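The values are calculated or read from the model by the stated rules, or taken from the named source; none is laboratory data. No experiment lies behind these values; they were computed from the predicted model shown. Here the Cβ positions follow ideal geometry from the backbone for every residue, glycine too, while neighbour counts run over all protein chains shown. Heads up: the accessible areas ignore ligands, DNA and RNA and are worked out on the full protein's heavy atoms, side chains in. Shrake-Rupley method; radii C 1.70, N 1.55, O 1.52, S 1.80 Å.
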Amino acid sequence: MTDPHSDIPATTGRTGKENLLGAKIDDSAKSLGGPIPGVRVCVIGGGYVGLVTAAGLAEFGHNVVCVEKDEQKLRTLVKGKVPFYEPELERLLKENIANKRLSFSPDLSESAEKRQAVFIAVGTPQSLTGRTDMGALELVADQLSVALEPEQVVVIKSTAPVGTAAWLRNRLQESFAKRNGSKAPSVISNPEFLREGSAVYDFFNPQRIVIGGDNSAAIELISHIHRLGMKKQAPIVTTNNETAEMIKYASNVFLATKIGFINELSGLCDHLSVNVMEVARAMGMDTRIGGEFLQPGPGWGGSCLPKDISEYAGLAQEHGLTMHIAQAVQDANRAHIAWVANKTLALVEGANKPIIGALGLAFKAGTNDTRHSPAAEVIRRLRAADVTVRVYDPQASDPVLQQQLGYEVCESIDELTEQADCLIVLTEWSEFQFIDWERVGQAMRSRNLVDARNLFPPEALKRHGFTYEGVGQF
Ligand code: UGA
């Protein structure tokens, strides 16, 4: 495997080309020892998208202020600490705070003032209806409508429903008409394609940059902001706002569909004793299909795919359409999670007060995020069958989830495996590769393993006397 972080710039202090747009060279940056053709940028929101964007743009040479209104988070950020687990982000933050290109503030109006581009990266979670909760965006829109000047450019980075840019433009226009009759700032849709766990790598190695808007100068400014300092020039797709918004949803729904397909196939392969990993490998060699996102697992989840597929299906419904594929992908995911849980329960059937040890809680490796984690859903089902569940995750913990589901938290793999009847691998943490299976087997009451990420070669486990169940892997 290649090192996913090898293309992250190792040093800062970049100087260089002239600003393509003639955008003003930042005076504060100039005083740091050499002209930096940076743009003055404001990023609203210090979550994982906002922070990666703010630190990444600062690394490019822009002067960035990131607005975070949560006081506790802000206190953490100004010290250069990241309040969640995301590889490489803390280093990037610290370096750019030290070179004074990145700062933090609780004050949106003051921070947005005189910034050429204002990126909105606030949360757009799923509401109870399954559609997008626009609360945070609405609040920001209200504040920006009094804080901005007409020549500034607003950029929507948050994943926001198709039509959000038009809605924001109208909102700003109404307010500007009342304020001084001037034209409102341009609104650009610039969705992100960052994966949690490799968000910093993805920021510096984008496969494409999507910029939607109706003002060519604004589009050119945002293109420049992304291009400056980028080692590998990615294609920039310029389009209108609605198309840019749809590209984001279509991408995530398609990714969920692809994973859903391989997971469902793994169930059929399981019945037929066909190795799904070989099938996926050969399928992926066809460039029309592609090898990525064909890794079977316990189901797809996280803070993005589930909410985005739900918004997409909901939007279609609002327009009188049924997205049959999206619905089937959601149903198939639920069924797959249930199948993984049932497979596990079958291995402990007949055991007296069975104990199952779960390796992993995060929705995937590289993050401590447990939102819509398939691991949690499997655990929920195991607990519903009245089984004792212990959980070990090297990064993730979730006291609310623990309270809800009633599982035990372990601090080590040794603690997890002691007298366990079965283990289940739910998150593909690389440290699990180093498990000493003989030692683990000796500590367990019965040697059963459900490898829901197909992490281990079945033969190796069988040699240690384990009953091994993969997902379509034997
Ligand atoms: C996803 C997209 O991949 C990003 O491009 C997008 O920017 C992001 O959502 C977002 O909208 O912000 P992320 O939620 O971080 O990124 O996670 P993914 O890497 O897409 O994984 C999603 C789920 O699918 C996880 O549960 C993961 O374990 C599972 N998965 C992924 C598989 O089971 N198999 C695979 O081959 C790939």
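Annotations
- Selection count, the range 48-69, where residues are part of a loop (DSSP other than H, G, I, E, B) and modelled with pLDDT of 95 or more: 3
- Of all residues in the range 440-458, those satisfying the criterion of being in contact (Cβ under 8 Å) with a residue 60 or more places away in the chain, among the polar types (S, T, N, Q) and away from the ligand (no atom under 15 Å from the Cβ) are 446, 448.
- Those residues of the range 203-216 which are open to solvent by 10 Å² or more (accessible area, probe 1.4 Å), free of Cβ contacts under 8 Å to residues at least 60 places away in the same chain and within 12 Å of the ligand (Cβ to nearest atom), in sequence order: 206, 207, 208
- Test for residue 406: is it without any contact (Cβ under 8 Å) to a residue 24 or more places away in the chain, of a type in the set (Gly, Ala, Ser) and either open to solvent by less than 10 Å² (accessible area, probe 1.4 Å) or away from the ligand (no atom under 16 Å from the Cβ) (or both): yes
- Tally of residues being more than 6 Å from the ligand (Cβ to nearest atom) and in a loop (DSSP other than H, G, I, E, B) across the range 304-324: 5
- Taking the range 42-85 as the range and being open to solvent by less than 10 Å² (accessible area, probe 1.4 Å) and of a type in the set (Asp, Glu) as the test, only 59 passes.
Condition check ((1) open to solvent by less than 30 Å² (accessible area, probe 1.4 Å); (2) at pLDDT below 95) across all residues:
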{"residue": "229", "(1), (2)": "yes, yes"}
{"residue": "233", "(1), (2)": "no, yes"}
{"residue": "240", "(1), (2)": "no, no"}
{"residue": "251", "(1), (2)": "yes, no"}
{"residue": "254", "(1), (2)": "no, no"}
{"residue": "257", "(1), (2)": "no, no"}
{"residue": "265", "(1), (2)": "no, no"}
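- Of all the numbered requirements in (1) under 16 Å from residue 428 (Cβ atoms); (2) of a type outside the set (Lys, Arg); (3) more than 13 Å from the ligand (Cβ to nearest atom), residue 246 misses one, and that requirement is (1).
- Of residues in the range 163-192 being within 26 Å of residue 204 (Cα to Cα) and outside any strand (DSSP E or B), the one nearest to the ligand (Cβ to nearest atom): 192
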